[in-house]
Amino acid sequence: MVVFSADVSRVGRSEKERLDATFEEMWHAQLKYIDSEWLENCSRHLVKEDMLNAGLAFPTGVSLNHVAAHYTPNAGDDTVLQYGDVCKVDFGVHVNGRIIDSAFTVHFDPKYDRLVEAVKDATNTGIKEAGIDVRLCDVGEAIEEVMTSYEVELNGKTYQVKPIRNLNGHSIGPYRIHSGKTVPIVKGGEAVKMEENEVFAIETFGSTGKGYVHEDLECSHYIKDYYAEHIPLRLARSKQLLHTISKNFGTLGFCRRWLDRLGETKYLMALKDLCDKGAVGAYPPLCDVKGCYTAQWEHTILLRPTCKEVVSRGPDY
């Protein structure tokens, strides 16, 4: 089980073994919302969830195959995890708005080993390159060089692993998963420098497809706009839903399942109105071409004055 913070990493050996055993069984179960909620409930337990003081930073992503990011099941989704699937597990927690963002890729068929090794190696390369006064474009160039050095053979055809060029890492701020700076995973990015005490999510995505994603499928991920309270709303239901979102999630990510969990019903029209007005942002699944496979690996780093700390690193991750 991935451990996120100094306090959480002190989970007892027996509890960790119990969670690990349950975790292993879960992967062979259906990926319905109950299983995604199992993952989320583990995180809630480990960080001692307390409204906006501590809890989940965004919905747990379980994107499959050509879907690279931003997929989590909505209620009624009957998707089943298969032996031949490649599943990106992207999740994060926060304490007082201080977010840790992390991701890894789960696969069962060894033919995908090289694809997953590529993103893991690329992410670790990005972490090594990162530091105070380092240019973001230099981090991206190093990541691309490593990732494209990998090849994967699938069904008799060899593919060079391509970085997904329109996905990237990002700086993280209090209660803001994306706080302004982007960490590219290809060369040619901005020459903006990393600065002391900044927090960055170093994440890479590799693909056997085009290496470019587009929005597709039903949306499940949402984030309230930082300035949403100043946007005029006419519908009473929209105002009520925005109040619920602000109270429970603030400017952190959320999904429909979490609204269901709070007892909200018949909210889709109000949610659409909030999105149309710009009070809430909708983030649909990001997909490469159908039939390809994508992988992801991610860690969060803190650039301290005298060291670089990988705050999401644990003994098994």
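Here are the numbers for the structure shown:
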{"item": "First in the range 285-299 and in contact (Cβ under 8 Å) with a residue 60 or more places away in the chain, second anywhere and surrounded by 24 or more Cβ atoms within 10 Å (Cβ to Cβ) and among the charged types (D, E, K, R), Cβ under 6 Å, 6 or more apart", "result": "Thr294/Asp288; Gln296/Lys88; Glu298/Glu203"}
{"item": "Tally of residues being within 18 Å of His178 (Cα to Cα) and aliphatic (A, V, I, L, M) across the range 66-109", "result": "7"}
{"item": "Out of Ile185, Ile177, sole residue that is at pLDDT 95 or above and crowded, with 20+ Cβ neighbours inside 10 Å", "result": "Ile185"}
{"item": "Residue that is at pLDDT 95 or above and either surrounded by fewer than 22 Cβ atoms within 10 Å (Cβ to Cβ) or under 18 Å from the mean Cα position of the chain (by Cα) (or both), where the choices are Tyr222, Tyr226", "result": "Tyr222"}
{"item": "Residue list for the range 227-253, filter: more than 30 Å from Asp288 (Cβ to Cβ) and among the aromatic types (Phe, Trp, Tyr)", "result": "Tyr227"}
{"item": "Residue under evaluation Pro305, criteria (1) part of a loop (DSSP other than H, G, I, E, B); (2) within 30 Å of Val152 (Cα to Cα); (3) at pLDDT 95 or above, criterion not met", "result": "(2)"}
{"item": "Those residues of the range 273-298 which are outside any loop (DSSP other than H, G, I, E, B), of a type in the set (A, V, I, L, M) and either surrounded by 17 or more Cβ atoms within 10 Å (Cβ to Cβ) or out of contact with any helix residue (DSSP H, G or I) (no Cβ under 6 Å at 6 or more places or on another chain) (or both), in sequence order", "result": "Leu274, Val280, Leu286, Ala295"}
{"item": "Qualifying residue in the range 173-184 (condition: of a type in the set (Lys, Arg) and farther than 30 Å from Val116 by Cβ)", "result": "no"}
{"item": "Selection within the range 236-261 - aliphatic (A, V, I, L, M) and surrounded by 14 or more Cβ atoms within 10 Å (Cβ to Cβ)", "result": "Leu241, Leu242, Ile245, Leu252, Leu259"}
{"item": "Filtered residue count, the range 180-206, keeping only those that are hydrophobic (A, V, I, L, M, F, W, C) and farther than 17 Å from Ser312 by Cα", "result": "7"}
{"item": "Any hit, the range 201-208, residues being surrounded by 14 or more Cβ atoms within 10 Å (Cβ to Cβ), at pLDDT 95 or above, assigned to a loop (DSSP other than H, G, I, E, B) and assigned by TED's automatic domain parsing to the domain that holds Asn124", "result": "yes"}
{"item": "Within the range 87-175, strands (runs of 3 or more DSSP E) holding 1 or more residues that are in the same structural domain as Asn65 (by TED's automatic domain parsing) and among the small types (Gly, Ala, Ser)", "result": "98-107, 169-172"}
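The values are calculated or read from the model by the stated rules, or taken from the named source; none is laboratory data. Keep in mind it's a predicted model, so treat the numbers as computed, not measured. Don't worry about glycine lacking a Cβ; one is built from the backbone with ideal geometry, like all the others, and counts go over all protein chains shown.
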